[in-house]
Amino acid sequence: MSFNRLAPEDFVVSSDSITATLWSAGAVALTNFFTSSTQEAGSSGNFYLNIYQTASTDSSAEVQFAIAYGNKYGSGSSFYNSAVVGASPTKTTYGQYQNLVLGDENTDFTFGGVTSSDFWVLSIDRTRYKESLFPGSLSLKLSGSTGVVVLTDDSQVAPSIIFNDAGRVFQLVSGSQGTVYTGLNANGYSPSGSYGWLLPDIGTIILNPTALSASIRLASSQSYNSDGLNYRRMFNAINGSTAKSFFLNSQETISSDYIFVRARNAEFNYSENPSFISGSTGEVIFDSFINAPQTYVTTIGLYNDTNELLAVAKLSRPLLKDFTKEALVRIKLDF
């Protein structure tokens with residue numbers, strides 16, 4: 001075993017962005033949408049509706065995303081207590097995303113310059129993506145009473161990236177997989193604002209009911225102290241089109257450390273293997289190994305200054321080393 005101290009220039013760090021399909025079984029698009037009557041009737045059904053890629057009773061069924069509805073004033077659902085006006089699941093949802101996304105319970109949601117008191121949320125199941133959603137891959141088809149709209153994010157045309165407490169924020173506009181269609185005004189928004197936000201860093205899509213109502217008559221129910229089943233309205237909008245589809249990819253940044261290990265011609269030519277030395281006399285068994293030794297490199301170990309083994313790299317095949325050869329081995333560490 002021989003050692004050689006690595007120099008700073010022997011280390012190189014590289015980052016690569018990897019994209020992948022989002023949905024179960026590697027599906028490029030989600031085209032079938034199912035719910036669970038058990039989940040909907042349970043306590044969580046007051047707050048959100050889980051969506052599966054197949055019948056929830058199937059063994060392969062997995063949650064793909066959840067639909068929720070939030071209202072600033074608590075409309076659209078029954079109050080927790082009739083004596084406490086406005087305290088309801090929709091208000092809880094609104095406050096939850098107010099804190100998560102805006103970081104301020106006194107700040108309202110503004111979509112494309114237009115403030116909204118309610119919204120729909122599509123929360124992608126955390127197991128569906130690794131690091132974040134991939135901007136520019138979204139294509140969501142929604143149907144209303146007067147037609148169909150296809151939504152994408154404006155990441156490909158936005159002059160700059162906007163950030164809030166949830167990370168990057170992209171406006172939702174009419175378009176498909178990053179290609180933005182011509183809008184009703186210069187910035188592609190309707191007079192009711194943008195269609196919502198894509199928040200890729202927390203795997204969330206927030207939809208603006210005001211813009212959807214103006215575009216395809218997909219309106220939220222703001223009933224007072226009664227269940228408006230707003231998540232059902234959104235589910236029907238996603239599941240109602242004849243060519244229903246939901247395209248979206250995930251994104252992951254993989255950082256790699258490249259370590260270059262150099263074996264110069266005068267290095268690593270001798271071995272401490274006992275088979276080189278006579279056990280009785282302590283002499284080199286083969287005279288040719290004295291002035292013209294040969295070794296085969298098979299393993300490279302990375303040690304710290306306290307001689308602790310941190311990582312081991314195995315060569316694909318033994319590498320012959322003698323005084324006439326130099327070797328350069330590149331080691332890649334992914335994390």
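The values are calculated or read from the model by the stated rules, or taken from the named source; none is laboratory data. All figures in this text were calculated on a predicted structure; none of them were measured in a lab. Every residue, glycine as well, gets a Cβ built from its backbone with ideal geometry; the counts of neighbours run over all protein chains shown. Please note that ligands, DNA and RNA were not included when accessible areas were found on the heavy atoms of the full protein model with its side chains. Shrake-Rupley method; radii C 1.70, N 1.55, O 1.52, S 1.80 Å.
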### Query
Picking from 104, 118, 58, 125, which residue would you name as being acidic (Asp, Glu), modelled with pLDDT under 95 and touching a strand residue (DSSP E or B) at 6+ places or on another chain (Cβ under 9 Å)?
58
### Query
If residue 119 passes every condition in (1) closer than 26 Å to residue 217 by Cα; (2) open to solvent by 20 Å² or more (accessible area, probe 1.4 Å) but one, which one does it miss?
(2)
### Positions within the stretch 8-30 being part of a helix (DSSP H, G or I), of a type in the set (Asp, Glu) and exposed (fewer than 14 other Cβ atoms within 10 Å of the Cβ), in sequence order
9
## Note on the structure
In the set 243, 266, 327, 237, the lone residue that is touching a Ser or Thr at 6+ places or on another chain (Cβ under 9 Å), of a type in the set (A, V, I, L, M) and more than 30 Å from residue 77 (Cβ to Cβ) is 243
## Note on the structure
Of the residues in the stretch 169-221, those that are at pLDDT 90 or above and under 16 Å from residue 109 (Cβ atoms) number 22
### Message
So, restricting to strands (runs of 3 or more DSSP E) that lie completely within the stretch 284-335, which ones have at least 2 residues that are open to solvent by 60 Å² or more (accessible area, probe 1.4 Å) and among the aromatic types (Phe, Trp, Tyr)?
### Response
295-303
### Query
With (1) of a type in the set (A, V, I, L, M, F, W, C); (2) open to solvent by 30 Å² or more (accessible area, probe 1.4 Å); (3) modelled with pLDDT of 95 or more as the list, and residue 85 as the residue in question, which single condition is left unmet?
(3)
### Query
Cβ-Cβ below 6 Å, separation at least six or inter-chain, first residue in the stretch 285-307 and under 15 Å from residue 317 (Cβ atoms), second hydroxyl-bearing (Ser, Thr, Tyr) and not in a strand (DSSP E or B): which pairs?
295/271
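For (1) in contact (Cβ under 8 Å) with a residue 40 or more places away in the chain; (2) of a type in the set (A, V, I, L, M), each residue gets a yes or a no:
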position	(1), (2)
59	no, no
70	yes, no
88	yes, no
105	no, no
110	yes, no
123	yes, no
129	yes, no
136	yes, no
161	no, yes
### Query
What residue, among those in the stretch 93-114 that are open to solvent by 20 Å² or more (accessible area, probe 1.4 Å) and either touching a helix residue (DSSP H, G or I) at 6+ places or on another chain (Cβ under 9 Å) or basic (Lys, Arg) (or both), is farthest from residue 200 (Cα to Cα)?
106
## Note on the structure
Within the stretch 63-74, the count of residues that are hydroxyl-bearing (Ser, Thr, Tyr) and either open to solvent by 20 Å² or more (accessible area, probe 1.4 Å) or at pLDDT below 95 (or both) comes to 1
### Message
Any residue at all in the stretch 234-242 that's farther than 30 Å from residue 8 by Cα, at pLDDT 95 or above and touching an Asp or Glu at 6+ places or on another chain (Cβ under 8 Å)?
### Response
no
### Task
Enumerate the strands (runs of 3 or more DSSP E) found wholly within the stretch 130-244, keeping only those where 2 or more residues are open to solvent by less than 30 Å² (accessible area, probe 1.4 Å) and hydroxyl-bearing (Ser, Thr, Tyr).
139-144
### Answer residue from the stretch 250-269, given it is in a loop (DSSP other than H, G, I, E, B) and in contact (Cβ under 8 Å) with a residue 60 or more places away in the chain and is surrounded by the most Cβ atoms within 10 Å (Cβ to Cβ) among those
268
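Scan the stretch 32-46 residue by residue and report those that are part of a loop (DSSP other than H, G, I, E, B) and either β-branched (Val, Ile, Thr) or open to solvent by 70 Å² or more (accessible area, probe 1.4 Å) (or both).
The answer is 32, 35.
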